[in-house]
1. May I ask you to list the residues in segment B:45-90 that are basic (Lys, Arg) and at pLDDT below 95?
2. A:Thr43 passes all but one of (1) surrounded by fewer than 24 Cβ atoms within 10 Å (Cβ to Cβ); (2) under 25 Å from B:Gly340 (Cα atoms); which number fails?
3. From B:Ala11, B:Ala24, which residue is buried (at least 21 other Cβ atoms within 10 Å of the Cβ) and part of a loop (DSSP other than H, G, I, E, B)?
4. Out of B:Val324, B:Val294, B:Val309, I need the residue that is out of contact with any Pro (no Cβ under 9 Å at 6 or more places or on another chain), open to solvent by 10 Å² or more (accessible area, probe 1.4 Å), facing chain A (nearest Cβ under 9 Å) and among the β-branched types (Val, Ile, Thr). Which one?
5. Could you check segment A:83-130 and list, in sequence order, the residues that are within 14 Å of chain B (Cβ to nearest Cβ) and within 22 Å of A:Gly172 (Cα to Cα)?
6. Please go through segment A:194-211 and give me each residue that is over 11 Å from the mean Cα position of the chain (by Cα) and either within 14 Å of another protein chain (Cβ to nearest Cβ) or open to solvent by less than 10 Å² (accessible area, probe 1.4 Å) (or both), ordered by number.
7. Would you check if there is a residue in segment A:343-350 being within 26 Å of A:Asp252 (Cβ to Cβ), open to solvent by less than 60 Å² (accessible area, probe 1.4 Å) and either in contact (Cβ under 8 Å) with a residue 12 or more places away in the chain or under 22 Å from the mean Cα position of the chain (by Cα) (or both)?
8. Under the condition of being of a type in the set (S, T, N, Q) and more than 8 Å from chain A (Cβ to nearest Cβ), which residue from segment B:351-389 is most open to solvent (accessible area, probe 1.4 Å)?
Number of protein chains: 2
Amino acid sequence: MTITRPRGFRAAGLAAGIKSTGAADLALVVNDGPRDVAAAVFTSNRVQAAPVLWSREAVADGRARAVVLNSGGANACTGPEGFADTHRTAEHLASLLDVSAQDVLVCSTGLIGERLPMEPLLAGVAAASEQLAAGADSDAAASRAIMTTDSVPKTAEVTTASGAIVGGMAKGAGMLAPQLATMLVVLTTDADVDATIAQEALKAATSTTFDRVDSDACMSTNDTVILLASGASGVMVAADELTEAIRAVSADLARQLVADAEGASHDVHVVVRSATSEQSALAVAREIARSNLVKAAIFGNDPNWGRIVSAAGCVPEAVAPFDVADLSVTVNGIEVCRGGGAHRDRSEVDMTPRETLIEVDLGAGEATGDIWTNDLTHDYVEENSAYSS
Amino acid sequence: MTITRPRGFRAAGLAAGIKSTGAADLALVVNDGPRDVAAAVFTSNRVQAAPVLWSREAVADGRARAVVLNSGGANACTGPEGFADTHRTAEHLASLLDVSAQDVLVCSTGLIGERLPMEPLLAGVAAASEQLAAGADSDAAASRAIMTTDSVPKTAEVTTASGAIVGGMAKGAGMLAPQLATMLVVLTTDADVDATIAQEALKAATSTTFDRVDSDACMSTNDTVILLASGASGVMVAADELTEAIRAVSADLARQLVADAEGASHDVHVVVRSATSEQSALAVAREIARSNLVKAAIFGNDPNWGRIVSAAGCVPEAVAPFDVADLSVTVNGIEVCRGGGAHRDRSEVDMTPRETLIEVDLGAGEATGDIWTNDLTHDYVEENSAYSS
């Protein structure tokens, strides 16, 4: 009970037969109103899947009545024919719900470069729509239907002080990157809010949550974060209160994505402090988070500050000013590097907890930035060489 | 017989006891002249090991008489004491050879953050110097003494049309990156050339060879490429002829470094064509070469063009202009992607050869750029989580 906890929403999920395994692969989320406000943030990868191209246009007016999400195929790099498939999908659900196709957003996830099996997909849309009509909606089924390499569904919810609710579901693991992860996220709220506020709140929330998850340093073709607002609570939530609630749900979901990253054995939090600006801090944090040598060391339970410092040293001076002689590195609370050199012994660090905290102090300013990532493990290699996507 | 094939050079290598394993860990290369021209290129990592700091200054006058290289310790992040150790090393060899300390370059490789064991190191320098004095020099021993995770020594040589010889030895595997790899390279030539020409030739050669090797996308703290010119052949080689010879030896060594990358099962050549500029082509090639998803797919013998296209899409438009709809990807000669979508089936690609050739055509211009990398394997993870550096 998460994306349908806010009043005014229904959701359904089922196995349409898109995935050859017979696992659930189609989800619907419908906004029954009274308002039909929508906002969205998409991948910045220049290669955009057909559903992303469609949904960008469809949400541009700040309105949407439904979202249809499929796993089992990304419908990316499928050309005009793939776009037509997305359009048909939107049209089909629109006619069943008696809304405009422009008010139906579409998300897809799965293998790149293959056309979706439209017959089962459209039949699945109809079946799911029937479930909704029959009152047999299930947001749990919806959150499962969007899973690909996820081992668990991810959901979260928050209630604002004023009584509006924000719920959310997400899928994504691995192939995470800056400016969004390979994720599909649907957030719902029964707050009474207009489209401009909704878009600003979503952007602000995304920038400090999903944007801070960096597992592969490679942006996906399909990333989408959607926010639907029904207004059904009748509560007119102030912009900052709404932003904070969306941020909290997003942070929770983002943390769940990190915890479920493909094959990871550690969730790694890289916090860079005393930078000249937040951007500088983030640049250093990302460089560390992307270092295969740092991440392999963490997998080996080695708090290897030398590799962390090496990674920081790859960031150009103009991007992040700092003096190497001022660097300090603390891993799980033990300051293993101070003044750019060895300090406490690495053997003092307890690397066994699932979460590894790496704190780097640049000694150059007052700003902080943080990034989440995962370690580089055998399972990661196995999953990403065996699973073709 | 490689770095000592050019006339005027002697080299030695032995086990000084720096490495606890007792493996060879100290090498000397001496230029007997008549000329003492030297050039060098160093890491662009802002964290620079003590030997890099020393050698930059020592080679600034375009002259050097000897190089001392140790493995078993990088002497990086060791502060002023570490720098003093490098200085002592140079002074010690200088006194044994009766030259100025400023004419002795120093290179180190190994773990970051630990002081070198100076007693055995200096004793080793003396012992190696004695070998040279006794005529028992061995460039083969030298090329072995600089190895760390290398499984084989790397050497190469070329003779110019005019009769001068260029030789070289290199160490390096893994932790490779743009603008140099974690490598130590010593190139020798008996060409009669002045320092300015030597520096320009080295920079030109490095930029299209060592700079094009990208295994970890993380620059090292110790990378150094040195060129020594003795003039002993009496042959005054034209600048472009010398540049080409140095380039050829460097390309050979760089290719050997790729072939010996830690735990790799494929050598991956990423060639980007039809870009608006060489820099654009290189930006796209590097992004592909750094993608863990691309490299894991290659390890799984999967010519996954979707991931390759996704990686290309991460490069900002301003850095590499191209239209996604014009992209084509050819793997080992099979065009698996054309016009930004699927073309020939992936199953047609023979992924079994050690070398994987990925050709991406951007359809945007006339320029080409290429990068070498390796696939992401279980062995890589194993070696980099077990071996602390």
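The values are calculated or read from the model by the stated rules, or taken from the named source; none is laboratory data. Since this is a predicted model, take the numbers as computed values, not measurements. FYI the Cβ positions are ideal-geometry reconstructions off the backbone, even for glycines, and counts take in every protein chain you see. Side chains included, ligands, DNA and RNA excluded: accessible areas come from the protein's heavy atoms. Shrake-Rupley method; radii C 1.70, N 1.55, O 1.52, S 1.80 Å.
1. Correct list: B:Arg46 only.
2. Condition (1) is where A:Thr43 drops out.
3. Values: B:Ala11 fails: part of a loop (DSSP other than H, G, I, E, B).
Selected residue: B:Ala24, the only one of B:Ala11, B:Ala24 that is buried (at least 21 other Cβ atoms within 10 Å of the Cβ) and part of a loop (DSSP other than H, G, I, E, B).
4. On the way: B:Val294 fails: open to solvent by 10 Å² or more (accessible area, probe 1.4 Å); B:Val309 fails: open to solvent by 10 Å² or more (accessible area, probe 1.4 Å).
Unique residue meeting the criteria: B:Val324.
5. Here is the first cut: in segment A:83-130, the ones within 14 Å of chain B (Cβ to nearest Cβ) are A:83-85, A:108-116.
A:Ser108, A:Thr109, A:Gly110, A:Leu111, A:Ile112, A:Gly113, A:Glu114, A:Arg115, A:Leu116 - these are the residues of segment A:83-130 that are within 14 Å of chain B (Cβ to nearest Cβ) and within 22 Å of A:Gly172 (Cα to Cα).
6. If the condition is that a residue be over 11 Å from the mean Cα position of the chain (by Cα) and either within 14 Å of another protein chain (Cβ to nearest Cβ) or open to solvent by less than 10 Å² (accessible area, probe 1.4 Å) (or both), then A:Ala198, A:Ala201, A:Leu202, A:Ala205 are the ones that fit.
7. Taking every residue of segment A:343-350 in turn, none turns out to be within 26 Å of A:Asp252 (Cβ to Cβ), open to solvent by less than 60 Å² (accessible area, probe 1.4 Å) and either in contact (Cβ under 8 Å) with a residue 12 or more places away in the chain or under 22 Å from the mean Cα position of the chain (by Cα) (or both).
8. Looking at the filtered set, the residue picked out is B:Thr352.
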